[in-house]
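**Q** One structure, pasted below without further comment.
Nothing in this text is a laboratory measurement; each read-out follows from the coordinates by a stated rule. From a predicted model like this one, the values you see are computed outputs, not experimental measurements. With ideal geometry, Cβ positions are generated from the backbone for all residues, glycine too; neighbour counts draw on all protein chains shown.
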Amino acid sequence: MRYMVKLNLAEKTGIGILVFCLAFGPISPSAFFVSSQAVDVETITGAQEWTADYYTIDHEVEIPEGAQLTVEKGITIVFQAGGTINVRGKLVVKGTNLNPVAIKNTSVRTNGMINIFDAGQARFYNAEIDGGGYFEPDIYPVKNDGKSFFNTALAFSSSGAINVSGAGKLEMQGCRIHHNGAGVWIRNGIGANIRINRTQFYGNKDYDVIVLETQDSTPVDLRYN
């Protein structure tokens, strides 16, 4: 698994230096969750289930606090340009070994297909996720004010297929995350709230999991992958 985490430089110098540079680059929320160009917003209310064989998402789907969307086994969800699911309530994806849920993207460059915010909770069981996310770093010169030894900064316009921010909770079991620009992106999250286990990562262009920053000292649980 290729992942990028905020580490003690003395422990893993190679990865640590990369994240050290990123941490000092200008990073804004707008660079993390790219604004959608959707023309329509669908709001989930109460407890809803998706049971049809095929769903096309070309708009914003909002799951507010207090609402839950359950995606049943065997369903295919295809994201097109402008499509995204924003989770502030609960999302449950209930695939099985024989009937996984397929989550795909067809646009050339996409926002995060699924964004999990502060109060949001998402659980993925036996889901196949591909075609989302991107990672585009850009190194540029900056004026040195004499107080810093940095002469360059690193900014980026990036998004994972799945993004988690703040106190958002993510659990993944038995999933396959492949051929994305970046798989899972965790920004200013809580390590104890993230569990990605028994999940296969392959073919992702830049990173499988990016843990840019966490609010606690608990490491993200990435065991058995």
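**Q** Suppose the chain between VAL41 and ASP53 were pulled fully straight at 0.36 nm per residue; how much longer would it get relative to their current alpha carbon spacing? List each step's numbers first, then the result.
**A** Working: separation 12, 0.36 × 12 = 4.32 nm, distance 2.16 nm.
Additional length available on full extension: 2.2 nm.
**Q** In addition: Using the Karplus curve 6.51 cos²θ - 1.76 cosθ + 1.60 with θ = phi - 60°, work out ³J(HN,Hα) for each residue of the range 120-126 in order, rounded to whole Hz, and write x for Gly and Pro.
**A** x, 9, 9, 10, 10, 10, 6
**Q** Within 10 Å of each residue's Cβ, count the other Cβ atoms and sort SER165, SER107, SER217 from fewest upward.
**A** So the ranking, lowest neighbour count to highest, is SER217, SER107, SER165.
**Q** Collect residues whose amide H, placed 1.01 Å from N in the peptide plane, falls under 5 Å from the amide H of ALA102; neighbours closer than 5 in sequence don't count.
**A** ILE75, THR76, ILE77, GLU128
**Q** Output wanted: per-residue J couplings in Hz (rounded whole) for the range 219-224, from phi through Karplus 6.51 cos²θ - 1.76 cosθ + 1.60, θ = phi - 60°, x for Gly and Pro.
**A** Running phi through 6.51 cos²θ - 1.76 cosθ + 1.60 with θ = phi - 60° gives x, 4, 7, 10, 6, 6 Hz.
**Q** Hey, another quick one. Using packing as a proxy for protection, rank 45-51, 55-61 so that the peptide with the highest average count of other Cβ atoms within 10 Å comes first.
**A** Values: 45-51: 12.0, 55-61: 17.4.
Order by mean packing, descending: 55-61, 45-51.
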